[in-house]
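Visitor: The structure under discussion is supplied below as structure tokens; questions concerning it will follow.
The values are calculated or read from the model by the stated rules, or taken from the named source; none is laboratory data. Just so it is clear, the structure is predicted and the values come from calculations on it, not from any experiment. Ideal geometry is used to build each Cβ from the backbone, glycine not excepted, and the neighbour counts take in all protein chains shown. To get the accessible areas, we keep the full protein, side chains included, count just its heavy atoms, and leave off ligands, DNA and RNA. Shrake-Rupley method; radii C 1.70, N 1.55, O 1.52, S 1.80 Å.
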Number of protein chains: 2
Amino acid sequence: MKVTGRNTRRRGDILNESIYNATIELIKKVGYHNLTFQQIANAAETSRTVLYRRWKTTYDLIREIIEYKVTNVLGGPLIDKIEDTGSLRGDLMHLLSLYQSLYVEVDHEIMNAILFEMGQNKDKISEIEINATNKNILVMRKLLQFAKNRGEKIKEVSDATLTLPFDLIRVENILRKDGIDTKRLELLVDEILLPVFLA
Amino acid sequence: MKVTGRNTRRRGDILNESIYNATIELIKKVGYHNLTFQQIANAAETSRTVLYRRWKTTYDLIREIIEYKVTNVLGGPLIDKIEDTGSLRGDLMHLLSLYQSLYVEVDHEIMNAILFEMGQNKDKISEIEINATNKNILVMRKLLQFAKNRGEKIKEVSDATLTLPFDLIRVENILRKDGIDTKRLELLVDEILLPVFLA
DNA sequence: TAATTAAGGTACACACTGTATCTTAAGGAG
DNA sequence: CTCCTTAAGATACAGTGTGTACCTTAATTA
């Protein structure tokens, strides 16, 4: 603690946000791989003890930050945010834009860190992430139902294929990461997603 | 060193392979994130000094292991291994099988570690990896040329879309990782790749 | 056999981890 | 307003890993 006296000990949400922000800045600077509780504590001007009490690993912290940020960015679950825009192409563009906005707002490094841990920790994380995958499948089912209701001819595909829009955004953000603009998203829709889903 | 006397100091390839194998085993055990030079040195029964002399980071070591393994598994560059099987479907299946075999033989963790670093280290790695991406594009061009020569109608797509087969295998190995069998690869070909590339 | 090269040993200062123990500020209940 | 509970923050310690420097000596080559 730098300042002694009254009003020097933060709690609850104020402290949390300070830790979140410090963590995000640190990840941008040193990367997820080099992220340490020690540095987070320094940056957030708190104590390592506080961090260890709440999170076992930096991954647990990151996960919490994502959840916090997602609700802030989207303002609610993804499935409530998709709309019937009048065409499958428009709906897919809207979906990709929404999902992409998460990567931009939450920060690539953090989103990719999650993806990486999914590839490493076979057991404990899968529960959380399988859940996320299932939610994404439901989003796509709803989106394709819009198209069917409009009379568009939709192919019957497996659940695994329904995750394709999300997978594409993930790959884009790992490999390309810069210049993922509307034009790029349109290319994904026109060259990949529409041929896959539209009969 | 455990044993003193003659023939106790390994060099060159024998030492290298010992280090490679120890690293692979360690990654399987503790994951890339927790991989340390110290543990590698112990497991390979060598000295940390030896490791630091040759590799600056565990990532550099991993990268070398992949190159070593790839030539062992495939027996040469990927572009020389694809064949005209008589149909685009057959060619794509063959390509996916080859690329998937890398993940199985080299170990998921290591392949994913590379992917993760690609997402983190924007600068230095991109040169290597952009190169790899370009090679993959050439592979797909060659494969699609087989199809054109046979008279199959092939869509004109952007280069970024040509990396789709590789991207799909990557995603599979991050998220699903178990049960990526022939049936799964067939689904990728029939539901995604053929609709994208075949007119 | 001598010279060169590289493996292996030892040591050091520093950073991070995880845990335990203690103090004390903040916020609520009465 | 005071007491009490809760949680923030300070301090300390043993263990592990890092990166580097310096030295010794085995293996290879000339």
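Visitor: Which residue out of B:GLU109, B:GLU83 is touching a Phe, Trp or Tyr at 6+ places or on another chain (Cβ under 9 Å), away from DNA strand D (no atom under 15 Å from the Cβ) and within 14 Å of chain A (Cβ to nearest Cβ)?
Guide: On the way: B:GLU83 fails: within 14 Å of chain A (Cβ to nearest Cβ).
Exactly one residue qualifies, and that residue is B:GLU109.
Visitor: Across the stretch B:10-36, what is the number of residues that are small (Gly, Ala, Ser), closer than 23 Å to A:GLU117 by Cα and at pLDDT below 90? Write out each step before concluding.
Guide: Keep residues of the stretch B:10-36 that are small (Gly, Ala, Ser), which gives B:12, B:18, B:22, B:31.
If we keep only those that are closer than 23 Å to A:GLU117 by Cα as well, we get B:22, B:31.
Within this subset, residues satisfying the condition of being at pLDDT below 90 are B:31.
So the answer is 1.
Visitor: On to the next question. Can you tell me which condition B:ARG48 does not meet? The list is (1) open to solvent by 80 Å² or more (accessible area, probe 1.4 Å); (2) within 14 Å of another protein chain (Cβ to nearest Cβ); (3) within 14 Å of DNA strand C (Cβ to nearest atom), and all the others hold.
Guide: In the conditions (1) open to solvent by 80 Å² or more (accessible area, probe 1.4 Å); (2) within 14 Å of another protein chain (Cβ to nearest Cβ); (3) within 14 Å of DNA strand C (Cβ to nearest atom), B:ARG48 misses (2) alone.
Visitor: Does A:VAL30 satisfy being open to solvent by 20 Å² or more (accessible area, probe 1.4 Å) and away from DNA strand D (no atom under 14 Å from the Cβ)?
Guide: Numbers: open to solvent by 20 Å² or more (accessible area, probe 1.4 Å): yes; away from DNA strand D (no atom under 14 Å from the Cβ): no.
No.
Visitor: Looking at the stretch A:51-71, which of the residues that are surrounded by 15 or more Cβ atoms within 10 Å (Cβ to Cβ) and within 14 Å of chain B (Cβ to nearest Cβ) is farthest from DNA strand C (Cβ to nearest atom)?
Guide: A:ILE62
Visitor: For the stretch B:13-66, name all the residues that are of a type in the set (Gly, Ala, Ser), more than 21 Å from the chain's Cα centre (by Cα) and in a helix (DSSP H, G or I). Let's see the steps before the verdict.
Guide: Here is the first cut: in the stretch B:13-66, the ones of a type in the set (Gly, Ala, Ser) are B:18, B:22, B:31, B:41, B:43-44, B:47.
Subsequent filtering for residues that are more than 21 Å from the chain's Cα centre (by Cα) retains B:41, B:43-44, B:47.
Within the stretch B:13-66, B:ALA41, B:ALA43 meet the criteria.
Visitor: Cβ-Cβ under 6 Å, sequence separation 6+ or interchain: first residue in the stretch B:128-143 and away from chain A (no Cβ under 12 Å), partner open to solvent by less than 20 Å² (accessible area, probe 1.4 Å). Which pairs?
Guide: Final answer for the pair search is B:ILE137/B:LEU162; B:MET140/B:LEU162; B:LEU143/B:ILE82; B:LEU143/B:ASP91.
Visitor: Working only within the stretch B:19-45, note down all residues that are in contact with a Lys or Arg (Cβ under 6 Å, 6 or more places away or on another chain) and within 9 Å of DNA strand C (Cβ to nearest atom).
Guide: B:ALA41
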